[in-house]
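Input: a single structure, listed below in structure tokens.
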Amino acid sequence: MGGVRGLVCGWTWEENKLFELALAIVDEGDPNRWEAVAAIIGGEKSAEEVHRHYTVLVEDLQFIEGGFMDNELELEDDHNQKSLLQVDCSQSIYWTDEDHSLLVQLDIT
């Protein structure tokens, strides 16, 4: 796979990480928010694609936080044997001062 770590819904791992970072630094009230996020991501993502990706993310979060996810992942091995993996989603992960310090060190703005 080289420098690109797989695709999720047409987005690479790197694009998703840049998307998350851009959401953290581009103000929600910015009238050009989606253009700015797309510019931070770079590549071939348009403002419309970025906004659509955000909408899907919000819908996914609402689904998870609404308790509609059963916290089980079905896995299949190389021999088509299926097993269930229980996932503990009881704790949220919050943005910390350390996370903010790392962001400031990147100086992407």
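The values are calculated or read from the model by the stated rules, or taken from the named source; none is laboratory data. Please read all numbers here as calculations on a predicted model, not as lab measurements. Cβ: placed from backbone, ideal geometry, glycine included. Neighbour counts: every protein chain shown. For accessibility, only protein heavy atoms count, side chains too; no ligands or nucleic acids. Shrake-Rupley method; radii C 1.70, N 1.55, O 1.52, S 1.80 Å.
Taking the criterion of being at pLDDT below 95, buried (at least 16 other Cβ atoms within 10 Å of the Cβ) and not aliphatic (A, V, I, L, M), the only residue of region 29-48 that qualifies is Lys45. Of the residues making up region 55-72, just one is open to solvent by less than 60 Å² (accessible area, probe 1.4 Å) and either at pLDDT 95 or above or within 13 Å of Phe19 (Cα to Cα) (or both), namely Thr55. Could you go through region 8-28 and let me know if any residue there is hydrophobic (A, V, I, L, M, F, W, C), touching a Phe, Trp or Tyr at 6+ places or on another chain (Cβ under 9 Å) and either modelled with pLDDT under 90 or more than 26 Å from His100 (Cα to Cα) (or both). Yes.
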